1. When the helices in the chain are scored as -39500 (n - 2.57) per DSSP H run of 4 or longer and the sum is shared across all residues, what 222 nm value do you end up with, to the nearest 500 deg cm²/dmol?
2. Over the Cα atoms of region 148-205, how large are the radius of gyration and the largest Cα-Cα distance (Dmax), in Å?
3. Which whole-Hz ³J(HN,Hα) couplings does region 336-349 yield from phi under the Karplus relation 6.51 cos²θ - 1.76 cosθ + 1.60, θ = phi - 60°, glycine and proline marked x?
4. Scan region 338-388 for trypsin sites (Lys or Arg not before Pro) in coil per DSSP, keeping those whose Cβ has at most 11 other Cβ atoms within 10 Å, and list them by number.
5. Over all pairs of distinct alpha carbons, what does the Kirkwood formula give as the hydrodynamic radius of region 203-280, in Å?
6. Name the long-range amide H neighbours of Glu266: under 5 Å, sequence gap of 5 or more, or other chain; modelled H, no Pro or chain starts.
7. Output the 0 to 90 degree angle, nearest 10, between the alpha-carbon long axis of helix 493-504 and the longest principal axis computed from the alpha carbons of the chain.
8. Work out, step by step, the length gained on full extension between Lys345 and Ala85: first 0.36 nm times the residue separation, then minus their alpha carbon distance; give nm to one decimal.
Amino acid sequence: MEAQKDRLKDLISHAKEYGFVFPSSEIYDGLAATYDYGQMGAELKNNIKLYWWKSMVQLHENIVGLDSAIFMHPTTWKASGHVDAFNDPLIDNKDSKKRYRADVLLEDHIEKLRQKIEKEVEKGRKRFGESFDEVQFRVTNPNVLRNQEKIENIEKRMKNALEKNDLEGVRQLIIDLEIVCPISGSKNWTEVRQFNLMFSTELGSVAGDASTVYLRPETAQGIFVNFLNVQKSGRMKIPFGIAQIGKAFRNEIVARQFIFRMREFEQMEMQFFVRPGEEMKWYEFWKNLRTKWHKNLGLGDELYRFHDHLKLAHYANAACDIEFNFPMGFKELEGIHSRTDFDLKQHEQHSGRKLQFFDPELNQSYVPFVVETSVGLDRMFLAVLSAAYQEEQLEDNTTRVVLKIPPVLAPYKAAILPLVKKDGLPEKAKEIISSLQLEYNVQYDEKDSIGKRYRRQDAIGTPFSITVDHQTLEDNTVTIRDRDTMDQERITLDQLQNVIYQKASWTSVLGALVQ
Ligand code: GAP
């Protein structure tokens, strides 16, 4: 746990030092749970957006994009259920005066039990060596079974209480499990209360209920209210999807853990409209494809796991999370939700407009069912950054900090470094920049020794460093250094484009996702 905390701390300070993420309005001591993306962060974030957009929109002929407004008619949020049901159950500790999400306290407790199980399995692995049968161990070891049973009981009680909105039941579970406040260490808890997460403001000069508008808590509703506009203007046939990237806002009470949980964040969402009755087939389809999308980045397959929702949102008939092993442990990265026809039907009722599709094959009109994929852009950013961040002990006993960001997402694809600042080397380096910059974001750096410059590029994740020396002037060759292996190779300028293309082009990463 301590090591995890340190890793997150190291990541936060590295992100700030190298221009990835800054606390918002820092000169005024910052604003809680709000962050700004710096010069490197903005590049990385844009590349993540592109990876998503290209694979979701460009690679699917039946998915199109949308960019809807953040403000929407207030009835939207009444219809979607957010005014009445977008709540978090909150509990305060009377001694520390700290406020917590009751469900998160319970989930953290469950995670601790899970970690106990994993420790037991590791002990078993060490004890039995080569002959260790993990599957058998998990179903026979008494400690594993006892903790597994505890987890199942807690999950059952928690699901029951949350589904029935039985807040006293949620509190009792916290008391029965003897969960203590991480700050005060006491079990002196208040009642559990529901708290709506939407930010509201007033439109124009009229005060009162009629002018209350909300900052959207999800981008999805902008897609639902435009369902017919897009379907008709784009002549879309079911099944089809509408994708959108944009800001969302939630008044998160427990907003901690850097950019993992923010009050202003970005979502990349896609609503896939299908025939009623076919939603589970598409739910499985999107679960698989989205997992493939994540793993395709090569951050490590073992960093992902699924988590089926115990308590379904008010709109869903099936839902799961793709979780990622962040520095704080496994947490939700993306949600896949089968949202039924809930949203479109609600909007039909509240607007009085029909939101239906005439299916020529069935010769009938219906309200489509929806399968949604929703990934947080900032969480994707944190996932990439945390998997990429490595401190390496080198053979000469020095250490280097390197960001092994997937090359296609790296802020710069290459750095062009003249060995010295004279003899025509800077001019030659700038010629090389001109030959690459239309295709790739590249950086020029002539300050400090070449070793220091390599370290700087490692720290911002640049996959290639290209050194221009006196020989370059004679035979048009350069040294190209690989960020990850630190191997250096002499190649001709003609080969340069191709070497970068092989590792850092969109083609190199999107190929595996073509359906
Ligand atoms: N439209 C469905 C929806 O909004 P969600 O599970 O509440 O579902 C989807 O959110 C994704 O948005 C999450 O998986 C997470 O990646 C991201 N997200 C949600 N709340 C967030 C927050 N406060 N800060 C950063 N990302 C958040």
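1. -12000 deg cm²/dmol
2. Using the Cα atoms of region 148-205, the pair Rg, Dmax is 16.2, 58 Å.
3. Rounded to whole hertz, the list is 10, 10, 8, 8, 6, 9, 3, 5, 5, 5, 4, 5, 4, 5.
4. Arg353, Lys354
5. Values: mean 1/r = 0.0656 Å⁻¹.
Final number for the Kirkwood radius of region 203-280 is 15.2 Å.
6. Ala248, Leu377, Asp378
7. Result, in degrees: 20.
8. 91.9 nm
All of the numbers you see were taken from the coordinates with simple rules; none came from a lab. Everything numeric here is computed off the predicted structure, so don't read it as measured data. Here the Cβ is made from the backbone with ideal geometry for all residues, glycine too, and neighbour counts use every protein chain on show.
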